[in-house]
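The structure under discussion appears below in the form of structure tokens.
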Amino acid sequence: MWDLLVLNPMINLMLLFYRFLGQQTILAITALTLVVRLAILPLTLRQQQATQRMQELQPELQKLQKKYAKDKERLTQEQMKLYQEAGINPLGGCLPLLIQLPLLYGLWQSIIRVLAVSPLELLKLSQNIYPFIPGLTNLIPLQSRFLWLDLGQPDRFFILPVLVVVTSWLSQKLLTPPTAAADDRSAAMSQQMQIMMPLMFGFISISYASGLSIYFIISNLITMLQFFLIRRGQRTVQGRRKE
Amino acid sequence: MRKIKTLRGHILPPFLLLLAVGLLSGCSGGTRPTTWTSLVVSDGTIYAADLEQVRALDAATGEVLWSFPAEPNLREYGPFYTVALLDEEALFVTSYERSGGGFFAQSHGVLRALDIESGRPLWEFTEAGGEFVAAGAVGDSTLVIGNSDGNVYTFHVGDGSPAWSRPFTTEGRVWATPLVISDTVYVSSLDHNLYALDLATGRERWRFEAGGALAAPPLNLDDTLFVGSFDNKLYALRREDGSPVWQFEGENWFWGTPTTDGTRIYAADVDGNVYALEVATGREVWRSQVDQTVRLSPALGPEGETLLVAGDSGSLYGLDPADGFLLWTQSGQGQLASMATSDEVVYVSRIHASEHIQAFYIDNGRLLWVYPQPEAEE
């Protein structure tokens with residue numbers, strides 16, 4: 001079912017991009033990443049809005065935490081009341097995230113499958129290609145040479161893993177809202193995640209096909225671009241409100 | 001107490017994250033194969049590349065005669081994937097080994113020649129840029145082998161010195177065992193081409209370009225080569241110049257080499273369709289289907305009474321070559337990685353399975369022995 005609904009459409013779309021973009025694997029990965037990110041853009045926006053609204057409520061929530069520090073039950077009641085008054089669902093940011101994650105995982109899987117690093121992977125790919133689109137099967141295996149890279153192998157010079165770490169750190173930094181000083185533990189956690197997540201992606205880049213690193217870098221760049229565009233949009237709206 | 005809590009708060013999340021990465025990237029132990037293992041049978045002995053070790057087993061009983069290395073040692077040797085035989089002299093095995101340490105370790109293909117009697121290493125080659133996916137072939141004291149780096153390498157079997165002035169380079173990965181006939185070697189490449197090369201010099205004689213990738217060596221019958229491709233077609237080509245005689249279109253990729261009884265060609269595509277075709281014309285005589293992906297080449301029993309088809313998900317099928325009727329099925333755990341026949345027995349190797357090698361009677365599919373044997377596991 002997963003292959004039918006998620007993996008096969010993505011794989012065949014990537015093969016079509018590959019065919020029409022000069023049989024350049026990097027362009028096919030870029031195009032597929034753009035399309036998937038565009039498709040989940042409404043969900044991303046909703047998630048970011050929910051996160052931002054929760055952020056705006058933080059001062060109020062902290063006041064409540066201090067006020068009812070010894071009465072957890074009352075604290076919960078007051079927090080729920082605050083959410084209701086502000087018209088916020090505290091789990092509102094989770095649902096879009098839950099829908100996005102499988103799609104992003106599918107995107108990751110389809111890139112690995114199409115790159116067919118090993119014979120075992122290539123055999124699996126034979127079951128993912130739509131037979132009703134003529135000529136797709138003739139494209140296999142994809143051209144994997146690009147500059148110094150074999151996209152099916154990790155980057156031997158570690159240039160891509162470094163780029164992955166840098167862009168991941170930048171996008172994490174942009175997306176993580178500043179945490180109030182009063183909440184030391186959250187701040188520490190948040191800082192750790194800002195360091196650990198890029199390192200984790202860097203480690204994956206060292207271990208896996210460099211085509212996947214290309215995906216990480218493009219995805220991070222899109223995240224950053226999206227962030228700047230949304231922030232500019234919000235500033236414009238705020239400016240109009242003030243006027 | 002607060003210090004411990006803070007420490008836990010600081011260390012636990014990154015630890016869990018690293019654990020997740022470790023599991024994701026396979027640091028949890030065990031050998032994760034990148035390709036299939038292989039075995040060959042000769043003179044009552046099976047030589048098997050069995051990931052952690054290369055083993056020689058008694059074909060009648062499955063008893064281990066020798067292993068290389070003596071104990072599994074993946075830090076220095078292996079995993080081993082392919083094995084090729086030069087009768088009574090040497091065994092050529094390939095592995096995909098990691099060099100360098102920790103996060104920065106890189107894998108590369110290694111080719112070794114082992115003494116056939118003892119398994120003692122004779123020479124090795126470590127300069128290939130990629131993985132050796134298929135075994136090499138020997139002709140005129142020359143070993144020819146393809147690599148994922150796109151090169152075809154040749155070696156003098158005695159000392160491992162290069163036989164050509166430089167490797168022959170194709171535009172794609174070479175995942176097929178070369179076919180050596182007389183003074184010519186035929187090489188299938190994922191770049192869609194079948195190359196005919198001079199065995200002595202590596203000079204190209206001709207090439208045939210198929211519509212899709214070629215992952216298996218051709219079958220030779222009289223003066224015709226039969227080779228399957230990822231464009232779903234099976235081609236018959238004149239051996240002299242590579243010109244096409246006929247082509248047959250299946251339902252999906254042809255990965256394995258077809259087999260023949262002299263009058264018919266038997267081939268299977270990866271959708272599990274098995275075809276019997278007339279040698280001269282490529283006309284379809286019958287078509288049957290097994291319920292698994294088929295990658296391995298089909299094989300005929302000694303009297304030509306059973307057509308053996310190996311399913312990728314672990315089942316071995318015996319079909320009637322006359323009409324494709326299913327005679328017997330043997331299902332098993334893991335993926336079937338290779339198959340070889342000798343007299344009345346078929347030997348298979350498996351990956352992702354506890355039973356690595358099995359022997360079955362060809363006529364009825366009855367199990368003869370398994371390796372490792374159940375009592376040896378206890």
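The values are calculated or read from the model by the stated rules, or taken from the named source; none is laboratory data. None of these values were measured; they are calculated from a predicted model. Glycine gets a Cβ as well: all are built from the backbone with ideal geometry, and neighbour counts include every protein chain shown.
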Do you know which of the residues in the stretch B:236-258 that are in contact with a Ser or Thr (Cβ under 7 Å, 6 or more places away or on another chain) and within 14 Å of chain A (Cβ to nearest Cβ) is farthest from B:V174 (Cα to Cα)?
B:N252
Restricting to the stretch B:149-192, what's the tally of residues that are surrounded by fewer than 17 Cβ atoms within 10 Å (Cβ to Cβ) and under 17 Å from the mean Cα position of the chain (by Cα)?
0
Find the residue count for the stretch B:148-159, including only residues that are of a type in the set (A, V, I, L, M) and not in a loop (DSSP other than H, G, I, E, B).
1
Matching entry among A:I206, A:I214 (being buried (at least 17 other Cβ atoms within 10 Å of the Cβ), away from chain B (no Cβ under 12 Å) and modelled with pLDDT of 80 or more)
A:I214
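Test B:D231 against the criterion of being within 14 Å of chain A (Cβ to nearest Cβ), surrounded by fewer than 24 Cβ atoms within 10 Å (Cβ to Cβ) and in a loop (DSSP other than H, G, I, E, B), and give yes or no. Full working, then the answer.
Numbers: within 14 Å of chain A (Cβ to nearest Cβ): yes; surrounded by fewer than 24 Cβ atoms within 10 Å (Cβ to Cβ): yes; in a loop (DSSP other than H, G, I, E, B): yes.
Considered against the rule, which asks whether it is within 14 Å of chain A (Cβ to nearest Cβ), surrounded by fewer than 24 Cβ atoms within 10 Å (Cβ to Cβ) and in a loop (DSSP other than H, G, I, E, B), B:D231 comes out as yes.
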Check A:M197 against each of (1) away from chain B (no Cβ under 14 Å); (2) under 30 Å from A:L32 (Cβ atoms); (3) modelled with pLDDT under 85 and name the one condition it does not meet.
(1)
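A quick yes/no check of all residues on (1) within 29 Å of A:I204 (Cα to Cα); (2) at pLDDT below 95:
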{"residue": "B:D87", "(1), (2)": "no, yes"}
{"residue": "B:D115", "(1), (2)": "no, yes"}
{"residue": "B:A128", "(1), (2)": "yes, yes"}
{"residue": "B:V138", "(1), (2)": "no, yes"}
{"residue": "B:Y153", "(1), (2)": "no, no"}
{"residue": "B:V157", "(1), (2)": "no, yes"}
{"residue": "B:A163", "(1), (2)": "no, no"}
{"residue": "B:I181", "(1), (2)": "no, no"}
Of the conditions (1) free of Cβ contacts under 8 Å to residues at least 40 places away in the same chain; (2) within 14 Å of B:G202 (Cα to Cα); (3) in a strand (DSSP E or B); (4) of a type in the set (A, V, I, L, M, F, W, C), B:I145 fails just one. Which one is it?
(1)
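With farther than 26 Å from A:I11 by Cα, surrounded by 12 or more Cβ atoms within 10 Å (Cβ to Cβ) and not aromatic (F, W, Y) as the only criterion, which of A:Q153, A:Q65 stands out?
Details: A:Q153 fails: farther than 26 Å from A:I11 by Cα.
After ruling out the rest, the residue left standing is A:Q65.
Taking the residues in the stretch B:209-224 that are away from chain A (no Cβ under 14 Å) and buried (at least 23 other Cβ atoms within 10 Å of the Cβ) as candidates, determine which candidate is nearest to the chain's Cα centre (by Cα). Lay out the reasoning, then the answer.
If we filter the stretch B:209-224 for residues that are away from chain A (no Cβ under 14 Å), which is where we start, we get B:217-224.
In the following step, the residues that additionally are buried (at least 23 other Cβ atoms within 10 Å of the Cβ) were identified as B:217-218.
Details: B:P217: 11, B:P218: 14 Å.
Among residues in the stretch B:209-224 that are away from chain A (no Cβ under 14 Å) and buried (at least 23 other Cβ atoms within 10 Å of the Cβ), the one nearest to the chain's Cα centre (by Cα) is B:P217.
Can A:M1 be described as at pLDDT 85 or above, crowded, with 18+ Cβ neighbours inside 10 Å and either touching a Phe, Trp or Tyr at 6+ places or on another chain (Cβ under 9 Å) or of a type in the set (A, V, I, L, M) (or both)? Write out each step before concluding.
Details: at pLDDT 85 or above: yes; crowded, with 18+ Cβ neighbours inside 10 Å: no; either touching a Phe, Trp or Tyr at 6+ places or on another chain (Cβ under 9 Å) or of a type in the set (A, V, I, L, M) (or both): yes.
So A:M1 does not fit the description; no.
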Of (1) assigned to a strand (DSSP E or B); (2) more than 14 Å from B:V40 (Cα to Cα); (3) in contact with a Gly (Cβ under 7 Å, 6 or more places away or on another chain); (4) within 14 Å of another protein chain (Cβ to nearest Cβ), B:E131 satisfies every one except (1)
Does B:V294 satisfy the criteria of being touching a strand residue (DSSP E or B) at 6+ places or on another chain (Cβ under 6 Å), part of a strand (DSSP E or B) and of a type in the set (A, V, I, L, M, F, W, C)?
no
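What do you reckon, is B:T329 in a strand (DSSP E or B), surrounded by fewer than 19 Cβ atoms within 10 Å (Cβ to Cβ) and in contact (Cβ under 8 Å) with a residue 24 or more places away in the chain?
Details: in a strand (DSSP E or B): yes; surrounded by fewer than 19 Cβ atoms within 10 Å (Cβ to Cβ): yes; in contact (Cβ under 8 Å) with a residue 24 or more places away in the chain: yes.
In short, yes.
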Per the list (1) more than 9 Å from chain B (Cβ to nearest Cβ); (2) modelled with pLDDT of 85 or more; (3) surrounded by fewer than 17 Cβ atoms within 10 Å (Cβ to Cβ), residue check on A:F146 breaks on (2)
